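*Asks:* Before I ask anything, let me first share the structure, which is written out below as structure tokens.
The values are calculated or read from the model by the stated rules, or taken from the named source; none is laboratory data. All values reported here derive from a predicted model rather than from experimental measurement. Heads up, the Cβs are rebuilt from the backbone with ideal geometry, glycines too, and the neighbour counts pull from every protein chain shown.
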Amino acid sequence: MSRSTVASSTSSAPPVNKRSRVVVASLVGTSIEFYDFYVYATAAVLVFPTIFFANDDPAVARLASFAVFGVAFIARPVGSIVFGHFGDRIGRKGTLVASLLTMGVATVLIGCVPAGTTPGWAVAGPACLVVLRFCQGLGLGGEWSGAALLATENAPAGRRAIWGTFPQLGAPIGFIIANLVFIVLGANLTDEQFLSWGWRVPFLASALLVIIGLYVRFKLIETPAFQAVVDSGNVAKLPLARVFSTSWRPLILGTFIMLATYTLFYLMTTFTLTYGTAEASGDAPGLGIERTEFLLMLIFGCVFFGVFTLVSGPLAERFGRRALLIGVTTAILLFGFSFAPFFAAGQLGAQALLIVGFTLMGLTFGPMGAVLPELFPTSVRYTGSAISYNVASILGAAVAPFIAVALWQAAGGSTWLVGLYLSSMAVLTLVALLLSRETKHVEYDTAG
């Protein structure tokens with residue numbers, strides 16, 4: 001799809017995407033992307049330390065698995081630059097299709113990698129895992145921003161924050177589906193079967209979800225905001241250069257505005273799963289909860305994530321994005337100090353922690369679909385919002401599980417240092433929010 005092709009498709013009364021199509025396309029796409037991503041996250045905790053790092057000490061194997069998990073976050077800023085370039089040059093629709101294919105193909109191939117215990121694959125297996133994990137991150141680096149722009153650039157006046165929550169809702173939906181798949185497999189397979197081949201099923205099954213996502217996205221037309229930029233002749237030749245020269249301050253602020261959100265989410269998912277299912281004895285004792293039971297606890301908590309993601313949209317429209325996020329981030333700061341007391345109460349306390357944490361996650365993640373795009377002009381909105389979102393993924397998410405496990409072990413099994421780490425990230429986000437401006441009334445200009 002070329003720039004001239006986009007321009008020739010316009011008319012005096014350009015067609016618009018139906019509301020239902022926008023909602024489904026943005027929601028389905030991010031659900032698929034996050035499903036793929038969470039399948040790996042769950043496998044990184046439950047399977048990969050044994051399958052690909054069996055010759056290492058259990059603690060080292062767990063850290064090695066998380067290190068590979070973090071590779072995707074290194075790839076995400078690269079993906080944001082690559083897909084952001086095309087998203088701001090040729091349009092949102094074609095770029096979203098490409099990002100979905102990149103993520104989907106990599107995920108399916110992960111399900112085909114021979115285990116590290118297979119003769120000749122002791123090194124090649126983990127190496128392939130790293131490469132495919134990088135490709136997963138590359139695709140996700142371009143996915144979120146395009147989905148957010150698809151929703152917000154089609155939204156009616158005064159409803160951008162509400163429409164912006166629909167791609168955000170894909171996160172809890174993808175998480176729930178991924179974990180349900182693992183629960184069903186765990187209930188119907190023995191541990192030997194699951195470790196032998198069962199863990200591959202969620203990765204291979206993602207092929208069906210990708211087909212559905214592609215079908216929906218091919219039916220879209222370009223967003224009115226980007227089409228207007230094309231018509232005005234203001235398409236950026238080098239979006240990356242333009243965004244750094246004209247919008248460097250929003251890039252920095254947007255990155256740190258997302259920091260606490262990312263840290264909270266990956267502590268709530270990957271770290272809690274590690275801690276909750278770890279043996280209740282040893283140098284770094286956990287709760288010793290059975291794997292399937294803890295996955296159900298996570299799913300229950302994630303329901304609150306989805307509900308409060310939707311609630312956050314109307315709140316952001318009524319009170320403003322900045323005011324809402326300052327309040328929620330302050331709550332996240334205080335929540336960090338409750339980590340140890342919650343976990344000290346055992347399984348019931350862990351469930352309460354998941355409910356509170358995922359509720360805060362919904363309230364902080366929901367408005368981001370509007371906040372980050374609103375920081376940038378239309379001509380560099382894909383690139384700018386994608387870079388901020390994905391650089392934050394390195395600072396707030398790539399290292400979060402690794403740091404959390406290290407702090408947990410350093411504290412002899414206590415989680416108070418993990419909570420302090422979350423609170424520290426919340427302080428940095430609060431500073432960024434206080435230095436930023438309210439974007440509720442920002443116009444989606446067509447010439448910028």
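*Asks:* Keeping to segment 43-53, report how many residues are among the polar types (S, T, N, Q) and crowded, with 24+ Cβ neighbours inside 10 Å. Give the steps one after another, and end with the answer.
*Replies:* Going residue by residue through segment 43-53, those that are among the polar types (S, T, N, Q) are 50.
So of that shortlist, the ones also crowded, with 24+ Cβ neighbours inside 10 Å come out as none.
Count: 0.
*Asks:* Residues being surrounded by fewer than 24 Cβ atoms within 10 Å (Cβ to Cβ) and of a type in the set (Val, Ile, Thr): count how many of those fall in segment 374-399.
*Replies:* The number of residues fulfilling the criteria is 3.
*Asks:* Condition (residue is without any contact (Cβ under 8 Å) to a residue 60 or more places away in the chain and either part of a helix (DSSP H, G or I) or in contact with an Asp or Glu (Cβ under 6 Å, 6 or more places away or on another chain) (or both)) applied to segment 141-163: is it met by at least one residue?
*Replies:* Checked against the condition, which is being without any contact (Cβ under 8 Å) to a residue 60 or more places away in the chain and either part of a helix (DSSP H, G or I) or in contact with an Asp or Glu (Cβ under 6 Å, 6 or more places away or on another chain) (or both), segment 141-163 yields no hits at all.
*Asks:* Hey, Leu238 hits all of (1) buried (at least 20 other Cβ atoms within 10 Å of the Cβ); (2) over 27 Å from Thr309 (Cβ atoms); (3) modelled with pLDDT of 90 or more; (4) of a type in the set (A, V, I, L, M, F, W, C) but one; which does it fall short on?
*Replies:* (1)
*Asks:* Then there's this: Out of Val108, Val97, Val130, which single residue is part of a helix (DSSP H, G or I) and farther than 20 Å from Leu46 by Cα? Quick ask: steps written out before the conclusion?
*Replies:* Details: Val108 fails: farther than 20 Å from Leu46 by Cα; Val130 fails: farther than 20 Å from Leu46 by Cα.
Matching residue, one of Val108, Val97, Val130: Val97.
*Asks:* Out of the residues in segment 82-94 that are assigned to a helix (DSSP H, G or I) and in contact with a helix residue (DSSP H, G or I) (Cβ under 6 Å, 6 or more places away or on another chain), which is nearest to Thr255 (Cα to Cα)? Working first, answer last.
*Replies:* Residues of segment 82-94 assigned to a helix (DSSP H, G or I): 82-89, 92-94.
Adding the requirement that they be in contact with a helix residue (DSSP H, G or I) (Cβ under 6 Å, 6 or more places away or on another chain) leaves 83-88, 92.
Working: Phe83: 18, Gly84: 16, His85: 18, Phe86: 21, Gly87: 19, Asp88: 19, Arg92: 22 Å.
Once the filter is applied, the top-ranked residue is Gly84.
*Asks:* Can I ask one more? So which of Ala171, Ala228, Ala260 ends up being modelled with pLDDT of 85 or more, farther than 28 Å from Val405 by Cα and of a type outside the set (Ser, Thr, Tyr)? Even if it seems obvious, please write down each step before you answer.
*Replies:* Working: Ala171 fails: farther than 28 Å from Val405 by Cα; Ala260 fails: farther than 28 Å from Val405 by Cα.
From the options Ala171, Ala228, Ala260, the qualifying one is Ala228.
*Asks:* Moving on to the next point. Return yes when Ala122 is surrounded by fewer than 24 Cβ atoms within 10 Å (Cβ to Cβ), modelled with pLDDT of 90 or more and not charged (D, E, K, R) and no when it is not. First the steps, then the outcome.
*Replies:* Details: surrounded by fewer than 24 Cβ atoms within 10 Å (Cβ to Cβ): yes; modelled with pLDDT of 90 or more: no; not charged (D, E, K, R): yes.
In short, no.
*Asks:* Answer yes or no: is there a residue in segment 57-66 that is among the charged types (D, E, K, R), part of a helix (DSSP H, G or I), more than 22 Å from Val28 (Cα to Cα) and in contact (Cβ under 8 Å) with a residue 40 or more places away in the chain.
*Replies:* We begin by selecting, within segment 57-66, every residue among the charged types (D, E, K, R); these are 57, 62.
Within this subset, residues satisfying the condition of being part of a helix (DSSP H, G or I) are 62.
So of that shortlist, the ones also more than 22 Å from Val28 (Cα to Cα) come out as 62.
The next check asks that each one be in contact (Cβ under 8 Å) with a residue 40 or more places away in the chain; those that pass are 62.
Looking through segment 57-66, at least one residue is among the charged types (D, E, K, R), part of a helix (DSSP H, G or I), more than 22 Å from Val28 (Cα to Cα) and in contact (Cβ under 8 Å) with a residue 40 or more places away in the chain.
*Asks:* Now, a different point. With the condition being over 22 Å from Thr42 (Cβ atoms), among the β-branched types (Val, Ile, Thr) and touching a residue at least 60 places away in the same chain (Cβ under 8 Å), I'd like the helices (runs of 4 or more DSSP H) fully within segment 271-373 carrying at least 3 qualifying residues.
*Replies:* Values: elements: 272-277, 291-319, 321-336, 339-344, 346-365.
Per the criteria, 321-336.
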